[in-house]
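Reading through the structure tokens given below for one structure.
The values are calculated or read from the model by the stated rules, or taken from the named source; none is laboratory data. All values derive from a computational prediction rather than experimental measurement. All Cβ positions, even for glycine, are placed from backbone atoms using ideal geometry, and neighbour counts span all protein chains on display. Each accessible area value is taken on the protein alone, full model and side chains, heavy atoms only, with ligands, DNA and RNA left out. Shrake-Rupley method; radii C 1.70, N 1.55, O 1.52, S 1.80 Å.
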Amino acid sequence: VQLVESGGGLVQPGGSLRLSCVASGFTFTMYAMSWYRQVPGKERELVAFITAGGSITNYADSVKGRFTISRDHAKSTVYLQMNALKPEDTAVYYCNTKFSRNDYWGQGTQVTVSS
């Protein structure tokens, strides 16, 4: 199983970024996918979740109305569109899936929101 994130970077408050996570090594269409984020000294927190079929999504209260998770089965890719970014969104963002009693993580991509 491999999850490879990209799309992070430095953005000003109010700006937008789109994160991508390309999945391989498993049947992407069968499993839910999530985005988490972590800042130093804090626990990793769930940001967004999407079911295998893509029909159900869920978000942390702190990002509702600003972030959108989506998936493209043809590309085995899950996205996180982040709009109206705030300095408190600064974190390393991780892609995640769970199956066979295991958690699988990507290497993370840094998002920094600063003027």
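Considering only residues that are in contact (Cβ under 8 Å) with a residue 40 or more places away in the chain and under 23 Å from SER76 (Cα atoms), which ones fall in the stretch 31-50? TYR31, ALA32, MET33, SER34, TRP35, TYR36, ARG37, VAL47 - these are the residues of the stretch 31-50 that are in contact (Cβ under 8 Å) with a residue 40 or more places away in the chain and under 23 Å from SER76 (Cα atoms). Scanning the stretch 17-60 for residues that are assigned to a loop (DSSP other than H, G, I, E, B) and of a type in the set (Ser, Thr, Tyr) yields THR27, TYR31, THR51, SER55.
Scanning the stretch 38-83 for residues that are of a type in the set (Asp, Glu), open to solvent by 70 Å² or more (accessible area, probe 1.4 Å) and closer than 24 Å to VAL1 by Cα yields GLU43, GLU45. Among the conditions (1) more than 16 Å from ASN83 (Cα to Cα); (2) open to solvent by less than 30 Å² (accessible area, probe 1.4 Å), the only one that TRP35 does not satisfy is (1).
Check the stretch 78-95 and report whether any residue there is more than 19 Å from LEU17 (Cα to Cα) and in contact with a Ser or Thr (Cβ under 9 Å, 6 or more places away or on another chain). For the stretch 78-95, residues more than 19 Å from LEU17 (Cα to Cα) and in contact with a Ser or Thr (Cβ under 9 Å, 6 or more places away or on another chain): absent.
Considering only residues that are over 22 Å from PHE26 (Cα atoms), open to solvent by 20 Å² or more (accessible area, probe 1.4 Å) and of a type outside the set (Val, Ile, Thr), which ones fall in the stretch 84-115? Hits for the stretch 84-115 are ALA84, LYS86, PRO87, GLU88, GLN110, SER114, SER115.
Select from the stretch 1-16 the residues that are part of a strand (DSSP E or B) and open to solvent by less than 30 Å² (accessible area, probe 1.4 Å) and write down the one among them that is nearest to LEU85 (Cα to Cα). Here the residue is VAL11.
Pairing each residue of the stretch 56-79 that is free of Cβ contacts under 8 Å to residues at least 60 places away in the same chain with any residue that is in a loop (DSSP other than H, G, I, E, B) and open to solvent by 70 Å² or more (accessible area, probe 1.4 Å), provided the two are 6+ apart or on different chains, yields C-beta distances under 9 Å for TYR59/GLY65; SER62/LYS86; ARG66/LYS86. With respect to the conditions (1) out of contact with any Leu (no Cβ under 8 Å at 6 or more places or on another chain); (2) in a loop (DSSP other than H, G, I, E, B); (3) of a type in the set (A, V, I, L, M, F, W, C), VAL78 falls short on a single one, namely (2).
Counting residues in the stretch 15-31 that are charged (D, E, K, R) and under 18 Å from PHE99 (Cβ atoms) gives zero.
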